[in-house]
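Asks: Just dropping this structure here.
The values are calculated or read from the model by the stated rules, or taken from the named source; none is laboratory data. Quick caveat, the model's predicted, so the values are computed rather than measured. Cβ: placed from backbone, ideal geometry, glycine included. Neighbour counts: every protein chain shown.
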Amino acid sequence: MAATEEVPKTYAEATTRQDQDEWKKAIASELESLIANKTWKLVPKPAHQRPIGCRWVFALKRGEKGQVVRYKARLV
């Protein structure tokens, strides 16, 4: 497996790699999907409470012969 075909573990890693353009497209696609599906609603933060955190999870979808078919990014 080539270094560029290893799955990044962090957003910073995904956006500083040789294949960063593909990961950025996957991130943009995920954000567009979340917005289109009205996944969240912005509300004022209650006093003395911390917001729930999130992080990016990355994956590669591969074809029958092991070739990269799709770069996937999910916000969890």
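Asks: Looking for something within 14 Å of the chain's Cα centre (by Cα), aliphatic (A, V, I, L, M) and at pLDDT 95 or above - is there at least one such residue anywhere in the range 36-47?
Replies: No, the range 36-47 contains no residue that is within 14 Å of the chain's Cα centre (by Cα), aliphatic (A, V, I, L, M) and at pLDDT 95 or above.
Asks: Can you pull out every residue in the range 1-42 that is within 16 Å of residue 61 (Cα to Cα), of a type outside the set (Val, Ile, Thr) and not in a helix (DSSP H, G or I)?
Replies: Listed by number, the residues that qualify are 1, 2, 6, 8, 9, 19.
Asks: Identify the single condition in (1) surrounded by 12 or more Cβ atoms within 10 Å (Cβ to Cβ); (2) within 25 Å of residue 67 (Cβ to Cβ) that residue 34 does not satisfy, given that it satisfies every other one.
Replies: Evaluating residue 34 over (1) surrounded by 12 or more Cβ atoms within 10 Å (Cβ to Cβ); (2) within 25 Å of residue 67 (Cβ to Cβ) leaves (2) as the failure.
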